[in-house]
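One structure is given here, and the rest of the page talks about it.
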Amino acid sequence: MKRLLALALIAAPRVAWPCAPAPPEGAEVAIVDEQAVIVWDPATKTEHFVRRARFATEAEAFGFLVPTPSVPELEAVDDAVFDRLEAAIGPETVVRTGLNVVPFALLATPFMMFKGAAVEQSIARGGVEVLKTQRVGGYDAVVLAADDPSALADWLTENGFAKSAELEAWLAEYVAKKWKLAAFKLAKAAPGEDALATSAVRMSFSTDEPFYPYREPASQREGDRPRGLRVFFVAPEPMRGMLAGKAWPGRVEYRAPKALESVAGVVVPAGAWLHAWTDDSAPRPGVDDVFFAPDRGADVVKPPPDIVDDRTVVPIPIDLIVVVIGVVWWWRRRRAR
């Protein structure tokens, strides 16, 4: 077991927790942008969560932690899920067909133009329990449970994670709620590369309410470095995000029913709503996780459609019609005399 854990968590001297990279000494890690997909099934109270991030760093390897209310099932998924959802929230194309009657002045014609996986383990050590170790999507992952945040911080330190008072305070919140912690190791594909990008891994777990792991250690909430966050959310009804009892500053880019057979390998029922939020807060108010709740009175939000005019143009010479009408009118008046 010791050898297995060493292989699972071997990394650079310092690694990272969610949205709070801690690189080796002398190196920096910056989150360039983040994307997430959440599929929520209220009938079974199951959340399917996929997160992808791009990091700019000189470090060859580091890790990150993801808290969940229960033991997650981990499975690699097609990374193209983000591209497909991005396309799904794009403007709809509306094609106009039929006739397009275009009035024009006949005398002006020369100047106009017409256009138409897992092996489960359980071992307790100093208040820390290893629930699962797994190789998934290019990661070495370990799922942990603990009843003492200090012991958990010590365990993480022994396995390459940076220990600090802020990390321990961050862990204490989840230990008190008896949440689990998934630790992932991330390494560059080749030494010397400038950036790190995670592959898509789906975490499926039981929870009373869906959430996005938004909370960060205090030091990570300082400064005004902008970083983008896009959250896609699929649920049977419209939803809203709440942060510490208030509205989450994520901006609604899309919210509407969408025909999606499956998302990230999860079957989506007919009539499900697709949401897309963008959060570019600087600094990010990561004082709590973002929890989602039904918002039954919410309006549909969509980008304006792209109009494709495929109608047959029927030019009508207005000035000629006016002349003809005038001639007919004059002729009738003359006959009437």
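Okay, residues lined up against (1) under 15 Å from the mean Cα position of the chain (by Cα); (2) under 23 Å from Leu171 (Cβ atoms); (3) at pLDDT 90 or above; (4) in a strand (DSSP E or B):
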| position | (1), (2), (3), (4) |
| --- | --- |
| Trp40 | yes, no, yes, yes |
| Ala43 | no, no, yes, no |
| Phe49 | yes, yes, yes, yes |
| Arg54 | yes, no, no, yes |
| Ala59 | no, yes, no, no |
| Phe64 | no, yes, no, yes |
| Val71 | no, yes, yes, no |
| Leu74 | no, yes, yes, yes |
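Would the stretch 287-294 turn up any residue that is small (Gly, Ala, Ser) and surrounded by 14 or more Cβ atoms within 10 Å (Cβ to Cβ)? No, that holds for no residue. Would you confirm whether or not the stretch 202-215 contains a residue that is surrounded by fewer than 22 Cβ atoms within 10 Å (Cβ to Cβ) and modelled with pLDDT under 90? No - not one qualifying residue is present in the stretch 202-215. Considering the stretch 180-201, and only residues there that are basic (Lys, Arg) and modelled with pLDDT under 95, the residue that is nearest to Asp289 (Cα to Cα) turns out to be Lys185.
The residues listed here are Leu85, Leu107; of these, the one that is modelled with pLDDT of 85 or more and either among the hydroxyl-bearing types (Ser, Thr, Tyr) or not in a strand (DSSP E or B) (or both) is Leu85.
Counting the residues of the stretch 123-150 that are at pLDDT 90 or above, under 17 Å from Phe161 (Cα atoms), of a type in the set (D, E, K, R) and not in a loop (DSSP other than H, G, I, E, B) gives 1. Screening Val313, Val328 for residues that are over 20 Å from the mean Cα position of the chain (by Cα), β-branched (Val, Ile, Thr) and in a strand (DSSP E or B) leaves exactly one candidate, Val313. Candidates are the residues of the stretch 27-38 that are modelled with pLDDT under 85 and not hydrophobic (A, V, I, L, M, F, W, C); the one that is surrounded by the fewest Cβ atoms within 10 Å (Cβ to Cβ) is Glu28.
The values are calculated or read from the model by the stated rules, or taken from the named source; none is laboratory data. Everything numeric here is computed off the predicted structure, so don't read it as measured data. Here the Cβ is made from the backbone with ideal geometry for all residues, glycine too, and neighbour counts use every protein chain on show.
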